[in-house]
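The values are calculated or read from the model by the stated rules, or taken from the named source; none is laboratory data. Not measured: the values here are computed from a predicted model. As a convention, Cβ positions derive from the backbone with ideal geometry for all residues, glycine included, and neighbour counts pool all protein chains shown.
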Amino acid sequence: MSAYTYRVRSQPNYPSLKWDVSGARHLLVILDLDTNSIAELCRSPCPGPLEILVRGEATHPALIPFNKANILIHSFASMDTLIVALENALDQTTMGLRLYALGHEDGLWKCNKAGQKVGMSRDEIQLAQASTTGRPVYCVHCGHHMNLIHTNITVCTGCKRHLLVRDHFSRLLGAYMGFQIDAESPGLIPAVEEVFP
Amino acid sequence: MSIPFRQETFRDDFTYRNSAEAVRRFPFPFPQDAYMYSVNIEPHVSVDPGSVYEHTFDIDEHYIAECEDRAITLGKTKNRFLALPHMMDAQWDTLELLMTSMARDYPDLFALSRDGAKWHWMNKPLNIDQHFVFGDTRTLPYAPLEYISRQGQGDFILLDQREGNLWVDAGVVTTQADWSLAFDVGMSFNEWHGPVPMAAEIGVFDRALKFLLMLQHGAPVRRLNWTMTINPRLDTSPEHYDQWGPDRASVTPENVGAKVHLRVEVQTLFRLPRSNGVLFGVRCYLASLNDLVTNPAWGQRLHRVLRDLPQPLAEYKGLVRYRQTAVDWLKQFDQSHS
Ligand SMILES: [Zn+2]
């Protein structure tokens, strides 16, 4: 294995969110309050009933574009409670529903998983990365998941190996692959750099 | 046609060896002196009696030892067999295809009798005598795909077809060239091949996918792929990279002929009748450089292919650390040095 210089086709790219006019209802999950992304989305009005789940304060200035009487905003203190609320919201019918998620990559794929679990298709779910490119990483040796990894090399919190973070991405696991960087030459660890700010 | 099965290992003391006959029938993968990635798909039809292409699933002298090695891997590490829930029909399709093919092609080794859903399977080399009900998982000791894969050589991957794509939704993967089923399960065809350099740019996988979506039941296809492995190790999985990675640094001019193995995959693809899925068989053949140079034409050609292999492919295949040592050693078998 080696660090690749070409684009790996399993690596997701994230276009910015756009209201899907074919949807009858819209559910927006804001994992990270990113003022610019929200402002861009709100340049056009949501074409139907909108409900928002947000991690953070409902009074945050980034949410001002949504301050309208007919928009429900539910606020959550943690990722875990937000995802549970999302799963509950999706438990009802998803006919005509469009799911949008905004924020860090780990959370995006948790939202995606929740949507897929209730049978939503790829084109009914939009994911947009915001606030950080910190990566979720799956250790291929011990199966441990880590989150918000900002460096090219990280120590696995499961097995303590030094892992190179690849671009190869699993949508099912919602993570990039990490594999031992010094397997062929034990102890030889390249410089650690912040590459996913 | 009785096959003299070898007692040998693919790990620890690595007692795996090829007989002269196994070398003679080795699927040497290079039709030219230079290698380029290509689709190179052809119908999987029986040709050349005695060759690895004679039977639907080739059984050779390594059969018992390979099944033993697979059992070790499946017992030691989890997620080497995986199947998403919607793949059950494809699992039974695969069991049927393997049993009927093996019993037809090797009647002195395997036997299948069927009375409706009541099946009786006999595998003489592995001493298995199994009565079961086709379609009833409770009548087998393992899930159908795992059950039959434990009695086959090579990996078996099941692809689901939907949304105009193929999805890696099940498999038994213990003889792989550095890819992880646990990580790749659920991927689309293109995501699965995401890390392959150059091939993507020249559209190889897009064309292959288009072709495979049209694959017809009863008209399987095959292609060859290759890489190199240090020591005759079947389980070169990313999971165990820490175990086999150091081997790459162990190649010297003295041991290169015995240690460096050409690893050839005969890949076969079958449309499955009930599930409309695709069975992707990846059968791995290993031959040391010492084995290969007993055929002068192979020694010469391998020297040229390895010497001229584009660097990105050498990196992708993990050959960088020992390629020069192998090329230097092979040069003595390439008299014209062209
Ligand atoms: Zn680990």
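Can you find a residue that is within 17 Å of the chain's Cα centre (by Cα), closer than 30 Å to B:A249 by Cα and of a type outside the set (F, W, Y) anywhere in segment A:81-103?
No, segment A:81-103 contains no residue that is within 17 Å of the chain's Cα centre (by Cα), closer than 30 Å to B:A249 by Cα and of a type outside the set (F, W, Y).
Per-residue answers, yes or no, for (1) at negative phi; (2) within 14 Å of chain A (Cβ to nearest Cβ); (3) surrounded by 12 or more Cβ atoms within 10 Å (Cβ to Cβ):
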site: B:P4; (1), (2), (3): yes, no, no
site: B:F14; (1), (2), (3): no, no, yes
site: B:P27; (1), (2), (3): yes, no, yes
site: B:Q32; (1), (2), (3): yes, no, no
site: B:D48; (1), (2), (3): no, no, no
site: B:D60; (1), (2), (3): yes, no, yes
site: B:D69; (1), (2), (3): yes, no, yes
site: B:D108; (1), (2), (3): yes, no, no
Going through (1) surrounded by fewer than 18 Cβ atoms within 10 Å (Cβ to Cβ); (2) out of contact with any helix residue (DSSP H, G or I) (no Cβ under 9 Å at 6 or more places or on another chain) one by one, A:H26 fails only at (1)
Of all residues making up segment A:151-173, the number that are within 11 Å of chain B (Cβ to nearest Cβ) and away from the ligand (no atom under 12 Å from the Cβ): 9
Can you report the number of residues in segment B:29-83 which are within 30 Å of B:P310 (Cα to Cα) and not in a loop (DSSP other than H, G, I, E, B)? 2
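Going residue by residue through segment A:109-118, is there one that turns out to be among the small types (G, A, S), touching a residue at least 60 places away in the same chain (Cβ under 8 Å), closer than 27 Å to A:T81 by Cβ and more than 14 Å from chain B (Cβ to nearest Cβ)?
Within segment A:109-118 (the criterion being among the small types (G, A, S), touching a residue at least 60 places away in the same chain (Cβ under 8 Å), closer than 27 Å to A:T81 by Cβ and more than 14 Å from chain B (Cβ to nearest Cβ)), the answer is no, since none of the residues qualifies.
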For residues that are buried (at least 18 other Cβ atoms within 10 Å of the Cβ), farther than 26 Å from B:W244 by Cα and basic (K, R), tally how many sit in segment B:304-338. 1
Scanning segment A:31-47 residue by residue, the ones that are assigned to a loop (DSSP other than H, G, I, E, B) and out of contact with any Ser or Thr (no Cβ under 6 Å at 6 or more places or on another chain) total 8
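Which one is surrounded by the fewest Cβ atoms within 10 Å (Cβ to Cβ), of the residues in segment B:182-194 that are over 19 Å from the mean Cα position of the chain (by Cα) and at the interface with chain A (Cβ under 7 Å from one of its Cβ atoms)? Can you show your working first?
Let us first name the residues in segment B:182-194 that are over 19 Å from the mean Cα position of the chain (by Cα), namely B:186-188, B:190-191, B:194.
Those still in the list that are at the interface with chain A (Cβ under 7 Å from one of its Cβ atoms) too: B:186-187, B:190-191, B:194.
Details: B:G186: 19, B:M187: 22, B:N190: 16, B:E191: 23, B:G194: 22.
Per the stated criteria, the residue is B:N190.
Can you give me the number of residues within segment B:16-25 that are more than 18 Å from B:H55 (Cα to Cα) and either under 17 Å from the mean Cα position of the chain (by Cα) or surrounded by fewer than 13 Cβ atoms within 10 Å (Cβ to Cβ) (or both)? Reasoning before the result, please.
At the first step, the residues of segment B:16-25 found to be more than 18 Å from B:H55 (Cα to Cα) are B:16-20.
Then drop every residue that is not either under 17 Å from the mean Cα position of the chain (by Cα) or surrounded by fewer than 13 Cβ atoms within 10 Å (Cβ to Cβ) (or both), which leaves B:16, B:18, B:20.
Qualifying residue count for the region: 3.
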Restricting to segment A:174-185, and then to whatever is away from the ligand (no atom under 14 Å from the Cβ) and free of Cβ contacts under 8 Å to residues at least 12 places away in the same chain, can you tell me which residue is nearest to A:V8 (Cα to Cα)? A:E184
Quick check on A:L72: is it among the hydrophobic types (A, V, I, L, M, F, W, C) and either in contact (Cβ under 8 Å) with a residue 60 or more places away in the chain or within 18 Å of A:A130 (Cα to Cα) (or both)? no
When segment A:121-145 is checked residue by residue, the ones that are more than 16 Å from the ligand (Cβ to nearest atom) and within 11 Å of another protein chain (Cβ to nearest Cβ) are A:S121, A:R122, A:D123
Need the failing condition index for A:L148 against (1) on the phi > 0 side of the Ramachandran plot; (2) more than 16 Å from the ligand (Cβ to nearest atom); (3) within 11 Å of chain B (Cβ to nearest Cβ), just the number. (3)
Among the residues of segment B:58-98, write down those that are in contact with a strand residue (DSSP E or B) (Cβ under 7 Å, 6 or more places away or on another chain) and either modelled with pLDDT under 95 or under 21 Å from B:P4 (Cα atoms) (or both). B:D58
Residues in segment B:159-181: is at least one β-branched (V, I, T) and surrounded by fewer than 20 Cβ atoms within 10 Å (Cβ to Cβ)? no
